[in-house]
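Beneath this line is the structure, given in structure tokens, with notes to follow.
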Amino acid sequence: MNPNDQLELPDYKHHTEEVRARLNELAAREVVLDTQALGRRFDSAQGPVDALVGIDIEVRKREFVSVIGPSGCGKSTLIRIIAGLDAPSSGRVCIDGTPVEGPGADRGMVFQGYTLFPWLSVKKNVMFGMKMKGLKSKAAEASALRWLELVGLSKFADHLPSQLSGGMKQRVAIARSLANEPRILLMDEPFGALDAQTRASMQNHLLQIWQSVDVTILFITHDLDEAIYLSDRIIVLGAHPGRVLEVIDVPVARPRRQEQSLTGHFLATKRRLESLIHGNGHGGDSAHPHAARAYPSLSEIPG
Ligand SMILES: Nc1ncnc2c1ncn2[C@@H]1O[C@H](COP(=O)(O)OP(=O)(O)OP(=O)(O)O)[C@@H](O)[C@H]1O
Ligand SMILES: [Mg+2]
């Protein structure tokens, strides 16, 4: 075989039976989060900026949905509006069909920056929200220890955040959010500050947690591999104005393994995402200048 041959990829829309069954099952579930004609306009010295226009998305129960798009396309604005930390200029957000009017315990948030209270132990950080909700200390402590066990940090319950690595801090932040039993976990580039190896292990941790807890996840990332590896569906946003370009059903079987990143379906999805994000709008076109360089030839793929 000619070593310069490019990899023949399947159509990213072609689903195996297993993937199709999972996507059909998801589509039949109740909607946890939906936005209707959501828009956000900011005033700036140069005039109004449409950070988001006409955003209509749906996320279903226990679904894992990622949002990707170039810097400035409105990802953080979207998640802040869903969290109730910012208000839309038009349209609305609903959780379980009820319009959002501000922050609430039904939505947990995990950001890129470490948001733990540095003066509280790991366990007390996880107990914080439960105590705010009026849970007695003993019950909050027992619950915090269960959540710490789930994220693999039981041994660090009495440590201070400063004694933990970045990945461990994010695991505490995840435990703290989940301890409030949110309907949906909103994550804005939570692994963005971690080195590649820690990031990969956090992705696996998150999938394990998501599989064992009844929670829906909306996950923002810049990283195409991360979006494909984690998600059932990927919402691709374009910039200026921030809008939905496409929603992609991820054609990769679960449970996921890192080796799947070399499979045809994974690479085809990545190629589609790249073509959308690089803005040619045609998608999947191997004549696209980025497409030729983005994929290894068969001879470069191990095994
Ligand atoms: N408070 C604000 N006032 C004015 N403009 C804002 C404000 N917040 C965001 N914007 C503008 O809205 C647009 C979207 O910003 P946002 O932070 O949501 O993008 P993003 O997709 O999260 O980017 P990144 O990938 O860099 O995090 C940008 O043009 C930004 O300058
Ligand atoms: Mg952002």
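Just so you know, all these numbers are worked out from the coordinates, no wet-lab data involved. Everything numeric here is computed off the predicted structure, so don't read it as measured data. FYI the Cβ positions are ideal-geometry reconstructions off the backbone, even for glycines, and counts take in every protein chain you see.
How big is the charge dipole of region 75-217 about its Cα centre, in debye rounded to the nearest 20, if each Lys and Arg gets +1 on its Cβ and each Asp and Glu gets -1 on its Cβ? Write down the numbers at each step before the final one.
Values: 17 positive and 12 negative charges, 74 e Å.
Dipole magnitude for region 75-217 comes out near 360 debye.
Short-range pairs are left out: with C-alpha atoms under 8 Å and at least six residues apart, the relative contact order of the chain is 25 percent.
Might you report the magnitude of the Cβ-based charge dipole of the chain about its Cα centre, with Lys and Arg at +1 and Asp and Glu at -1, to the nearest 20 debye? Walk me through the numbers before you get to the answer.
Numbers: 35 positive and 35 negative charges, 238 e Å.
About 1140 debye.
Would you work out the relative contact order for region 133-287, in percent, from Cα pairs under 8 angstrom that are 6 or more residues apart?
Values: 140 pairs, mean separation 22.2, N = 155.
After rounding, I find 14 percent.
Only Cα pairs under 8 Å and 6+ residues apart enter the sum, and on that basis the relative contact order of region 115-181 stands at 49 percent. Select from Ser165, Gly91, Phe266 the residue farthest towards the positive end of the dipole of the chain; place +1 on Cβ of Lys and Arg, -1 on Cβ of Asp and Glu, and compute about the Cα centre. Of the listed residues, the answer is Ser165. For the chain, the tally of Lys pairs with Cα-Cα distances below 17 Å comes to 13, considering only residues 8 or more apart or on different chains. Given Val151, Leu33, Gly54, which one lies farthest toward the positive end of the charge dipole of the chain, if we put +1 on the Cβ of every Lys and Arg and -1 on the Cβ of every Asp and Glu? Going by the Cα projections, it comes out as Val151.
Calculate for the chain the 222 nm mean residue ellipticity that helices alone would give, adding -39,500 (n - 2.57) per DSSP H run of length 4 or more and normalising by residue count, nearest 500 deg cm²/dmol. Don't jump to the answer; show the numbers that get you there.
Numbers: 9 runs with 103 residues, N = 303.
Result for the chain: -10500 deg cm²/dmol, rounded to the nearest 500.
Between Cys94 and Asp11, the simple spin-label model (points 7 angstrom out along Cα→Cβ) gives 3.4 nm. Here's the picture: charge each Lys and Arg Cβ at +1 and each Asp and Glu Cβ at -1 in region 115-181, and of Val122, Ser177, Gly134 the one pushed furthest to the positive end of that dipole is Gly134.
The ellipsoid equivalent to the alpha-carbon distribution of region 67-166 has semi-axes of 30, 18, 11 angstrom, derived from the gyration tensor eigenvalues as √(5λ) and listed largest first.
With Rh defined as the Kirkwood radius, the inverse of the mean 1/r over Cα pairs, the Rg/Rh of region 49-116 is 0.93.
In the chain, once you exclude exposed GluC sites (Glu not before Pro) (DSSP loop, at most 13 other Cβ within 10 angstrom), what's the longest stretch remaining?
Values: sites that count: Glu8, Glu30, Glu101.
Between the exposed loop sites, the longest stretch runs 102-303.
Give the separation of the Cα centroids, region 68-96 to region 134-201, in Å. Cα centroid to Cα centroid, the span is 24 Å.
Just to confirm a number: summing +1 for Lys and Arg and -1 for Asp and Glu over residues other than Gln258 whose beta-carbon lies under 12 angstrom from that of Gln258, what do you get?
Numbers: positive: Arg199, Arg256, Arg257; negative: Asp225, Glu226, Glu259.
Taking every Cβ under 12 Å from that of Gln258, the sum is 0.
Each Lys and Arg Cβ is given +1 and each Asp and Glu Cβ -1; about its Cα centre, region 115-181 then shows a dipole of about 120 debye. Please state, to two decimals, what the Cα-based radius of gyration of the chain comes to when divided by 2.2 N^0.38 Å (N = residues). In units of the globular-protein estimate, the chain measures up at 1.05.
Sorted from largest to smallest, which semi-axis lengths in Å does the alpha carbon gyration tensor of region 109-173 give for its equivalent ellipsoid, taking the root of 5 times each eigenvalue? It would help to have the intermediate numbers written out before the result.
Values: eigenvalues 66, 33, 22 Å².
Semi-axes from the Cα gyration tensor: 18, 13, 10 Å.
Here's the picture: a label point sits 7 Å out from the Cα of Thr115 along the beta-carbon direction, and within region 137-179 the residues with their amide nitrogen under 11 Å of it are 173-174, 177.
Which of the trypsin sites (Lys or Arg not before Pro) found in region 128-197 are in a DSSP loop and have at most 14 neighbouring Cβ atoms, other than their own, within 10 Å?
Numbers: sites: Lys131, Lys133, Lys136, Lys138, Arg146, Lys155, Lys169, Arg171, Arg176, Arg183; in loops: Lys133, Lys136, Arg183.
Qualifying residues, ordered by number: Lys133, Lys136.
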